[in-house]
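Below is one structure; the comments refer to it alone.
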Amino acid sequence: MAEDFILQIQHISKSFPGVKALDDVSINIRPGTVHALMGENGAGKSSLMKCLFGIYEPDSGEIILDGKPVRFNDSRQALDAGISMIHQELLSIPYRSVMENLWLGRYPSRGAGPFKFVDHKRMYRNTVELFKKLNMEIDPRIWVGKLSVSKTQSLEIAKAVSYNAKVIIMDEPTSSLTEHEVSQLFEIIRRLRGEGVAIIYISHKIEEILTISDDVSIMRDGRHVGTYQAESLTTSLIIKYMVGRDLSSRFPPKDNVPGKVLLKVEALTSPHGGSFKDVSFSVRRGEILGIGGLVGAQRTELVEALFGLRSVESGHIYIDGQEVTIKNPTQAKSHKMALLTEERRATGIIPMLSVKENMLLANLKRYIGPLGLINEKQGENDALKNIQALKVKTPSAKNKIRDLSGGNQQKVLFARWLLTQPDILILDEPTRGIDVSAKYEIYTIIIDLARQGKSIIMISSEMPELLGISDRIMVMCAGRVTGILEGREADQEKIMRLAAQFM
Ligand SMILES: Nc1ncnc2c1ncn2[C@@H]1O[C@H](COP(=O)(O)OP(=O)(O)OP(=O)(O)O)[C@@H](O)[C@H]1O
Ligand SMILES: [Mg+2]
């Protein structure tokens with residue numbers, strides 16, 4: 001019965017050159033529910049949502065909102081009709097204030113006709129009010145570029161909610177949120193649901209899906225596999241529906257054997273101790289050192305400093321027993337270090353370049369021969385090898401990276417740093433936005449690198465991942481190391497206790 005559904009997606013298909021992204025997808029959404037959408041990287045989740053939100057035009061099929069067929073030529077029309085969306089990629093404008101980003105295209109104004117002015121006071125008041133309602137602490141006047149990734153994501157959430165939509169699409173809203181922010185978001189979601197809003201919720205975090213959703217739709221290779229009641233699902237069932245087979249373990253066997261210390265960090269302190277202070281640790285060859293902590297732990301800041309992206313006030317870094325200075329990434333690379341960063345949009349991918357170019361970027365020297373000639377063949381081979389190893393879903397190595405699904409972009413970045421053949425590989429949330437089976441591939445590669453004697457440092461907010469592959473886990477809180485646990489004796493509770501030591 002049509003009136004039971006706020007939104008009906010009927011027989012939607014959409015192709016791109018070389019890819020059938022959506023193949024006859026039909027899904028019904030009930031009002032006042034959280035409807036999760038799951039599927040592997042490249043399954044078509046974001047594409048389907050972009051069809052709903054007027055960004056892509058479906059090749060065929062129909063969208064019925066509130067019983068009436070609708071067709072949107074752009075997102076403006078979707079917003080006006082009552083659909084809003086939090087995008088997987090953060091789209092804010094860095095050199096504008098938080099409030100300007102929030103109300104972009106709908107600034108409150110005063111006066112009339114040619115004497116119409118933006119009413120900044122009202123805009124400020126509206127912003128404060130909205131943040132208060134959502135329990136968010138963000139300064140409305142600060143530049144968005146100054147916000148942390150997680151605050152930027154919170155801002156996107158606030159924006160989507162501010163349109164008072166009937167249907168809110170959330171495409172991986174928690175990929176960069178801290179645990180506290182995730183529970184805040186869940187509160188917001190529950191309240192919206194209570195008000196009758198339908199939320200379409202996309203995430204790769206199965207635990208999250210089972211907590212928050214009422215209905216779960218699963219997609220595979222552009223097709224709708226089925227829609228299930230969340231209560232009837234389990235983690236292994238979801239994986240089975242998504243992947244098309246059972247996945248017996250989420251972590252590959254560990255067979256790396258740590259050897260001699262390769263990297264030693266002594267009392268590293270940021271300027272005025274403003275970020276991290278007195279950080280000391282070492283990583284052995286063949287060892288995977290996990291770094292755990294909550295928001296504000298300054299883990300990202302620490303590894304950025306190690307890689308020469310931030311200055312330090314004092315402390316020492318030794319590689320193979322020799323003290324080194326690392327003032328910029330070029331020096332870090334010359335010491336055979338590599339850093340996979342937290343936010344792929346800001347510091348990672350170059351959207352206009354191809355998959356291959358994005359992969360080879362950090363390592364161009366390797367492909368230039370004695371006469372300055374570029375060895376195209378070698379580059380091509382390396383790119384193809386990695387596309388295969390990481391199962392990157394792309395029609396070819398020549399396609400633009402911006403056309404890949406979010407998770408597949410992340411895999412390309414991972415490949416980029418692998419190709420530099422580093423001795424010390426620093427990974428900041430390496431599996432963010434990556435589906436369960438691709439995670440397994442990435443863990444396999446990380447463990448394999450360790451087995452070859454490389455040192456791995458991995459920041460992760462996913463407890464199972466930290467526990468699943470680290471040899472040791474260093475926990476930070478408010479810029480300090482609060483403990484280093486042997487992987488064997490670590491558990492969730494011990495990590496949490498250390499992570500919240502000064503709170
Ligand atoms: N603008 C585009 N041009 C070409 N191909 C595209 C475009 N947008 C999406 N695709 C392709 O459509 C397929 C589905 O991508 P989509 O982004 O919908 O996946 P997803 O399920 O959201 O994956 P992820 O979990 O990685 O975000 C992918 O193969 C992707 O490369
Ligand atoms: Mg997506």
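Throughout, read-outs are computed from the coordinates displayed, never taken from laboratory work. What you are looking at is a predicted structure, and each value in this text was computed from that prediction instead of being measured. Reconstructed Cβ throughout: ideal geometry from the backbone, glycine too, with neighbour counts over all protein chains shown.
Listed by chain and number, the aspartates and glutamates whose C-alpha is less than 12 Å from the C-alpha of LYS240, apart from same-chain residues fewer than 8 away, are GLU40. Sorting the segments 108-117, 32-41 by their mean number of nearby beta carbons within 10 angstrom, highest to lowest, gives 32-41, 108-117. Over all other residues within a Cβ to Cβ distance under 11 Å of SER213, the charged ones net out to -3, with Lys and Arg as +1 and Asp and Glu as -1. Length gained on full extension, ASP221 to TYR124: 30.4 nm, using 0.36 nm per residue less the C-alpha separation.
Extending 7 Å from Cα along the Cβ direction at VAL295 and again at GLN322 yields two label points whose distance is 4.2 nm.
Kirkwood hydrodynamic radius for the range 343-421: how many Å is it when counted over pairs of different Cα atoms?
Over the range 343-421, the inverse of the mean reciprocal pair distance is 12.5 Å.
The mean sequence distance of close C-alpha pairs (under 8 Å, at least 6 residues apart), as a share of the length of the range 165-288, puts its relative contact order at 16 percent. Its Kirkwood hydrodynamic radius, worked out from the mean inverse distance over all distinct Cα pairs, puts the chain at 24.2 Å. Within the same chain, lysines fewer than 8 places from LYS132 are excluded, and of the rest, those with a Cα less than 29 Å from its Cα are LYS116, LYS121, LYS146, LYS151, LYS159, LYS166, LYS205. Net charge of the neighbourhood of CYS51, taken over other residues with C-beta under 14 Å away and scored Lys/Arg +1, Asp/Glu -1, is -2.
So between LYS377 and ILE350, what do we pick up on full extension, going 0.36 nm a residue minus the alpha carbon distance?
Length difference between fully extended and current span is 7.5 nm.
Label separation (GLN10 vs GLU57): 2.1 nm, computed from points 7 Å beyond Cα along the C-beta direction. Between THR235 and LYS116, the FRET efficiency estimated from the beta carbon spacing at R0 = 45 angstrom works out to 0.25. Relative contact order for the chain: 16 percent, from Cα pairs under 8 Å spaced at least 6 residues apart, divided by residue count. Given the Cα atoms of the range 2-243, and with Rh set as the inverse mean 1/r over their pairs in the Kirkwood sense, what is Rg to Rh to two decimals? When Rh is taken as the Kirkwood radius, the ratio is 0.98.
Sparse packing (at most 12 other Cβ atoms within 10 Å of the Cβ) combined with a DSSP loop state is found for the following trypsin sites (Lys or Arg not before Pro) in the range 288-394: LYS327. Here the sum of -39500 (n - 2.57) over DSSP H runs of 4 or more residues, divided by the residues of the chain, equals -9500 deg cm²/dmol at 222 nm, to the nearest 500.
When you restrict to C-alpha pairs under 8 Å that are six or more residues apart and normalise by the size of the range 5-66, the relative contact order lands at 46 percent. Applied to the range 14-25, the Karplus parametrisation 6.51 cos²θ - 1.76 cosθ + 1.60 on θ = phi - 60° returns per-residue 3J(HN,Hα) values of 8, 10, 10, x, x, 9, 9, 6, 9, 10, 6, 8 Hz, with x for Gly and Pro. With Cα atoms as the point set, the radius of gyration and Dmax of the range 378-434 evaluate to 11.3, 32 Å. Annotation: aspartates and glutamates with alpha-carbon distance below 13 angstrom to LYS133 (same-chain offsets under eight excluded): GLU187.
Assigning unit charges at the beta carbon (Lys, Arg +1; Asp, Glu -1) and nothing else, what dipole magnitude in debye, to the nearest 20, does the chain show about its Cα centre?
Roughly 1120 debye, rounded to the nearest 20.
Using the Cβ of GLY226 as centre and a radius below 12 Å, the other residues enclosed give a net charge of +2, where K and R count +1 and D and E count -1.
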